[in-house]
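The values are calculated or read from the model by the stated rules, or taken from the named source; none is laboratory data. The structure presented is a predicted model; accordingly, all values stated were derived computationally and were not measured. Every residue, glycine as well, gets a Cβ built from its backbone with ideal geometry; the counts of neighbours run over all protein chains shown. Ligands, DNA and RNA are stripped out before the accessible areas are found, and what is left, the full protein with its side chains, is counted by its heavy atoms. Shrake-Rupley method; radii C 1.70, N 1.55, O 1.52, S 1.80 Å.
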Amino acid sequence: MAQGLIEVERKFLPGPGTEERLQELGGTLEHRVTFRDTYYDTPELSLMQADHWLRRREDSGWELKCPGAAGVLGPHTEYKELTAEPAIVAQLCKVLGADGLGAGDVAAMLGPLGLQEVASFVTKRSAWKLVLLGADEEEPQLRVDLDTADFGYAVGEVEALVHEEAEVPTAVEKIHRLSSMLGVPAQETAPAKLIVYLQRFRPQDYQRLLEVNSSRERPQETEDPDNCLG
Ligand SMILES: Cc1ncc(C[n+]2csc(CCOP(=O)(O)OP(=O)(O)OP(=O)(O)O)c2C)c(N)n1
Ligand SMILES: [Mg+2]
């Protein structure tokens with residue numbers, strides 16, 4: 001798989017004082033932005049069942065999140081983010097067992113690969129940047145995104161983008177440290193917006209994912225104790 005950045009993150013349920021606490025910790029508000037995400041998969045959710053997540057983001061383009069080497073690290077997750085369309089198409093063909101089809105751009109391959117829209121929603125995001133005390137310049141900066149989806153679900157995430165697998169343990173440790181400084185309980189995690197969307201608007205798809213996901217040990221989700229997906 002062509003190299004993309006590795007996203008290491010953990011989600012949490014933000015509270016009324018989260019932004020104030022971020023400021024106390026020296027965080028800077030980078031921007032507030034609103035965007036629509038549209039997710040694509042086969043009718044059987046073959047990509048999601050393989051822990052691959054294909055989306056088109058308004059004003060950003062295509063991205064395929066692929067499971068990282070470690071996958072799930074407690075409440076943290078690791079995903080390789082592919083944004084180059086040839087790399088996305090090649091990986092889609094590999095996951096969907098359609099080798100040899102991968103010629104065009106992602107939009108042109110949706111039909112041949114049987115991919116259709118499964119979710120579309122708007123997010124309002126406050127994007128924060130933090131540099132932990134003692135961190136030297138080369139260390140990846142931490143980002144904290146506070147998201148509210150247009151269907152009424154709010155979720156926060158502390159994340160680091162790294163280039164190499166070897167950087168993941170340090171990133172996890174820093175994310176863990178910042179999360180506890182934000183008052184997030186150690187094992188708390190919160191489901192992704194897309195998962196809550198499926199749960200609410202496509203319950204059969206959600207159930208199908210739940211079955212597959214329960215075979216992939218995941219921490220209890222705080223927002224939905226019924227073992228919601230991440
Ligand atoms: C604990 C856990 N986490 C993630 C997953 C996988 N997953 C579910 S939906 C999903 C795709 C959406 O990921 P998410 O981080 O919610 O998107 P967003 O924050 O809007 O994008 P960003 O701006 O960060 O790129 C994934 C990877 C999982 N199954 N379990
Ligand atoms: Mg995220």
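Can you work out which of the residues in the range 177-197 that are under 24 Å from Leu210 (Cβ atoms) and part of a helix (DSSP H, G or I) is most open to solvent (accessible area, probe 1.4 Å)?
Only one residue fits best here, namely Tyr197.
Exactly one condition in (1) away from ligand 1 (no atom under 13 Å from the Cβ); (2) closer than 21 Å to Arg208 by Cβ; (3) under 19 Å from the mean Cα position of the chain (by Cα); (4) not polar (S, T, N, Q) is false for Leu64; which is it?
(1)
Those residues that are exposed (fewer than 14 other Cβ atoms within 10 Å of the Cβ) and either within 16 Å of ligand 2 (Cβ to nearest atom) or more than 16 Å from Leu13 (Cα to Cα) (or both), I need them from the range 152-176; list them, please. Before you say what the answer is, go through the steps one by one.
Residues of the range 152-176 that are exposed (fewer than 14 other Cβ atoms within 10 Å of the Cβ), as a first pass: 152, 163-166, 169, 173.
Result: His163, Glu164, Glu165, Ala166, Pro169, Glu173.
Taking the range 16-48, which residues are open to solvent by 40 Å² or more (accessible area, probe 1.4 Å), over 21 Å from Lys174 (Cβ atoms) and touching a strand residue (DSSP E or B) at 6+ places or on another chain (Cβ under 9 Å)?
The answer is His31, Arg32, Val33, Thr34, Arg36, Pro43.
Just to be sure I understand, how many residues within the range 190-230 are under 21 Å from Thr123 (Cβ atoms) and modelled with pLDDT of 85 or more? Before you say what the answer is, go through the steps one by one.
Narrowing the range 190-230 to residues under 21 Å from Thr123 (Cβ atoms): 190-202, 205-206, 209, 221-224, 228-230.
Imposing the further condition that a residue be modelled with pLDDT of 85 or more reduces the set to 190-202, 205-206, 209.
Count: 16.
Report yes if some residue within the range 22-39 is more than 16 Å from ligand 2 (Cβ to nearest atom), free of Cβ contacts under 8 Å to residues at least 40 places away in the same chain and under 22 Å from Val144 (Cβ atoms); otherwise report no.
Within the range 22-39, one or more residues are more than 16 Å from ligand 2 (Cβ to nearest atom), free of Cβ contacts under 8 Å to residues at least 40 places away in the same chain and under 22 Å from Val144 (Cβ atoms).
Only one of (1) within 16 Å of ligand 2 (Cβ to nearest atom); (2) at pLDDT 95 or above; (3) out of contact with any strand residue (DSSP E or B) (no Cβ under 6 Å at 6 or more places or on another chain) is not met by Val72, so which one is it?
Just one mismatch for Val72, condition (2).
Which one is farthest from ligand 1 (Cβ to nearest atom), of the residues in the range 139-151 that are closer than 18 Å to Pro75 by Cβ and open to solvent by less than 30 Å² (accessible area, probe 1.4 Å)? Reasoning before the result, please.
As a first pass, look at the range 139-151 and keep what is closer than 18 Å to Pro75 by Cβ: 142-147.
Then drop every residue that is not open to solvent by less than 30 Å² (accessible area, probe 1.4 Å), which leaves 142, 144-147.
Numbers: Leu142: 13, Val144: 11, Asp145: 6, Leu146: 11, Asp147: 6 Å.
Going through the qualifying residues, I end up with Leu142.
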